[in-house]
1. Counting heavy atoms of the protein chains only and a 1.4 Å probe, report the per residue accessible area for segment 123-282 as a whole number of Å².
2. Take the Cα atoms of segment 88-132, build their convex hull, and give its volume per residue in Å³.
3. Over segment 68-145, consider all pairs of different Cα atoms and compute the Kirkwood hydrodynamic radius from their mean reciprocal separation; express it in Å, one decimal.
4. Could you give the dipole magnitude of the chain about its Cα centre, charging the beta-carbon of Lys and Arg +1 and that of Asp and Glu -1, in debye to the nearest 20?
5. Nearest-5 percent of antiparallel DSSP beta bridges in segment 20-126?
6. Ranking request for peptides 154-167, 209-222, 95-108: highest mean number of other beta-carbon atoms within 10 Å first, then the rest in descending order.
7. For R195, R176, write out the residues from largest to smallest accessible area, computed with a 1.4 angstrom probe and no ligands counted.
8. Quick check: the distance between the Cα centres of segment 243-282 and segment 58-104, to the nearest angstrom?
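The values are calculated or read from the model by the stated rules, or taken from the named source; none is laboratory data. Since the model is a prediction, treat every value here as computed from it, not as a measurement. Cβ sites come from the backbone with ideal geometry, for glycine too, and all protein chains shown count toward neighbours. Remember, those area values only see protein heavy atoms, side chains included, never the ligands or the DNA or RNA. Shrake-Rupley method; radii C 1.70, N 1.55, O 1.52, S 1.80 Å.
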Amino acid sequence: MWKEETAHREDKTSNPQLKAAKMKGVTIMAHITIETGSPTLCMNTSIHVVSSDSGETSGGTLYLLHGAGDNASTWQRLTTIEMYAAQYGCTVIMPEASRSYYTDMEYGLNYFHYITKELPEICERLLRLNSDPAKTYVAGLSMGGYGALKCGLTYPEQYSKVVSLSGVTNIQARLRDPHMPEGMIKEMKAVFGERLQVKADQDIYALSARLLEQGGTLPKILSCCGDHDPFVEMNREYTEYMQGTAFDFRYVETPGTHEWRFWEQHLKTMFDFLYNDNTIVE
């Protein structure tokens, strides 16, 4: 059985210095850890949240997805995400997704349904979220970049902007990588099936084309990648495809590889895009 939902908020209000900071207009942030039972996943799972201690939600909600080697806590531990959340008044939701590729797995758990449907319901119930779709965003790195693109392209009515940092934009090419370790091949078969065949609803190109055919609202998309990242060629190819369409698609490529210094650098790029609609890198 799952445990009842519990949320742990770091209590900062008893600190007189922080009380004084609040009086001076300084934004005090709370880091909340939610341990909850998920009916979709049939197990307990973790959600990390960074939000204003005052309950300020004018900056909307950002769902921030981790990469394949990370977990729900990694963004908070290895970047200055809290500083940006404070600056822009947003709530950042960082869920746990294991190595699922944010997919309803062939031999495993339904992580895509959890991330796009159950997670927002949990967070809206427990937190005072701004659920306005115009102020709801999804972003991620590497595996999480793929997940963010898939979320935004599948449910454009839920997310107005999408950011992929060093994302896997061509999942079929990724599965055909001749250098993929045997252990990872087994993982990928659990996600995508024994034949490693990608379905249309798992393919970023197919999802993009479907939205264009439907002619509805299109999310704005930013993709950032380092010039020495192993995924840079697929990001360039996807950019070439997208920039010839009706999508508002931006691409930023700067020196860097597949590591946290690059992703930390482009948190500023990401928030400039989300809140200022700017993608000029200084």
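1. Computed with neighbouring chains in place, this is 45 Å² per residue.
2. Considering the Cα atoms of segment 88-132, their hull volume per residue is 88 Å³.
3. 13.8 Å
4. Details: 26 positive and 36 negative charges, 88 e Å.
Taking the Cα centre of the chain as origin, the dipole is about 420 debye.
5. Beta bridges within segment 20-126, antiparallel portion: roughly 85 percent.
6. 154-167, 95-108, 209-222
7. Most to least solvent-accessible, the answer reads R195, R176.
8. 16 Å
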